[in-house]
Amino acid sequence: MNTVKKILISLVFIISATTASAQDSKIAIADLTWTGATAIGHIIQAIITGPMGGEAEIIKGASDGSIIFASMDKGDGSIDVHPDIWMPVQSNNWEKYIEENNTVAINKPYNGTQGMFIPYYLKDKITSFSDLANPAIASMFDKDGNGKGEYWAGDTSWTSTKIWQVKFKSYGLDELWEPEIVSDETFKNQLKIAYDNQKPILFYYWTPEWIFAAYDLSQIEEPLVSEGCKVLNLDHQNWLEASTFSCKHTDAEVWIGHSKSLEDRNPAVARMLSNIALSPETINEWTLKIGRDGENPINVAESWVAKNIELVNNWIYK
């Protein structure tokens, strides 16, 4: 009897240890370079380390979408969470890892928009992409004197940065314009300087984001979506020549993605990530505090989680 009892006790300890190990698996969150994604990543971290009592880390430098998806696909814990998947921008990774491999799970999306923008003081000169075909307009944006106007296409690691180069080529503008590819932080510094001095600046951006509360900005009109206007082969060796995009972006749906390996490694976190439902208004609140007001994203996230614990608990226990 004593032997049987000892065996049963040992089994209980083994099962408990295994369960604890699964629940306590440290969560690795990608460190994307735009403010909205930074806010969402820190909210996820604050939920895991706060009310869930677990461990989570923002993986610095993990900002390339294809690498993040490939890491989630492997399921080895190198990167577990992509906090801000913009669709249809990430359509190639979506098809490969979510639809074909079925290794990445998603939550309920929020809605976003994206386009090319100018400050209000340029609205009398530029309203649509057809205006950008005017050499006199392009020369206004020529910062380095090489005869081409510059536009900010995005960060070097973003899929959208390639897409905007495809768009300018497809609109027949690549002889007059060239992309400026710098970090989001560098661009925002450039925007502030240009805006304060009412200098020309043309740039890609999206909502929700705090710059639309800080500056009066106008989106440039593009042709409506039509059949065959968008063919993207961004993984092709000659992606610029192999792709075309001659119409406006459709409104985006934006998701949180996580490795399905978490369903075994940390099922509680996997459930919470699947249940998160965000609104553009809430994300804009976070980005204003982090981006415009310079608050620490850790403090913003922890404060929001504490004040909204009933909603957070619904995501955790639903």
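The values are calculated or read from the model by the stated rules, or taken from the named source; none is laboratory data. Since this is a predicted model, take the numbers as computed values, not measurements. So basically every Cβ, Gly included, is an ideal-geometry build from the backbone, and we count neighbours across all protein chains shown.
In the stretch 258-292, which residue that is modelled with pLDDT of 95 or more and among the acidic types (Asp, Glu) is surrounded by the most Cβ atoms within 10 Å (Cβ to Cβ)?
If we take residues in the stretch 258-292 being modelled with pLDDT of 95 or more and among the acidic types (Asp, Glu), then Glu263 is surrounded by the most Cβ atoms within 10 Å (Cβ to Cβ).
Please pick out the residue among Ser78, Ser71, Ser66 that is assigned to a loop (DSSP other than H, G, I, E, B) and among the hydroxyl-bearing types (Ser, Thr, Tyr).
Checking each option against the conditions leaves just Ser78.
When the residues of the stretch 76-112 are narrowed to those that are small (Gly, Ala, Ser) and modelled with pLDDT under 95, which ends up nearest to Ile44 (Cα to Cα)?
Of the stretch 76-112, the ones small (Gly, Ala, Ser) are 77-78, 91, 105, 112.
When the remaining residues are screened for being modelled with pLDDT under 95, the result is 91, 112.
Working: Ser91: 24, Gly112: 20 Å.
Per the stated criteria, the residue is Gly112.
Search the stretch 153-176 for residues being part of a helix (DSSP H, G or I) and without any contact (Cβ under 8 Å) to a residue 60 or more places away in the chain, and hand back the single one that is surrounded by the fewest Cβ atoms within 10 Å (Cβ to Cβ).
Checked the stretch 153-176; the qualifying residue surrounded by the fewest Cβ atoms within 10 Å (Cβ to Cβ) is Thr161.
State whether the residues of the stretch 125-136 include one that is in contact with a Pro (Cβ under 9 Å, 6 or more places away or on another chain), touching a residue at least 12 places away in the same chain (Cβ under 8 Å), part of a helix (DSSP H, G or I) and under 16 Å from Ile220 (Cβ atoms).
yes
Report yes if Ala270 is touching a strand residue (DSSP E or B) at 6+ places or on another chain (Cβ under 8 Å) and not in a loop (DSSP other than H, G, I, E, B), otherwise no. Please lay out each step first, then the result.
Values: touching a strand residue (DSSP E or B) at 6+ places or on another chain (Cβ under 8 Å): yes; not in a loop (DSSP other than H, G, I, E, B): yes.
Considered against the rule, which asks whether it is touching a strand residue (DSSP E or B) at 6+ places or on another chain (Cβ under 8 Å) and not in a loop (DSSP other than H, G, I, E, B), Ala270 comes out as yes.
If Pro179 satisfies all but one of (1) assigned to a strand (DSSP E or B); (2) surrounded by fewer than 21 Cβ atoms within 10 Å (Cβ to Cβ); (3) touching a residue at least 40 places away in the same chain (Cβ under 8 Å), what's the number of the condition it fails?
Evaluating Pro179 over (1) assigned to a strand (DSSP E or B); (2) surrounded by fewer than 21 Cβ atoms within 10 Å (Cβ to Cβ); (3) touching a residue at least 40 places away in the same chain (Cβ under 8 Å) leaves (3) as the failure.
Quick check on this structure: which one of Leu240, Leu224 is in a helix (DSSP H, G or I) and surrounded by fewer than 19 Cβ atoms within 10 Å (Cβ to Cβ)?
None of the others qualify; the one that does is Leu240.
From Thr49, Thr38, grab the single residue that is surrounded by 14 or more Cβ atoms within 10 Å (Cβ to Cβ), under 17 Å from Pro267 (Cα atoms), of a type in the set (S, T, N, Q) and at pLDDT 95 or above.
Thr49
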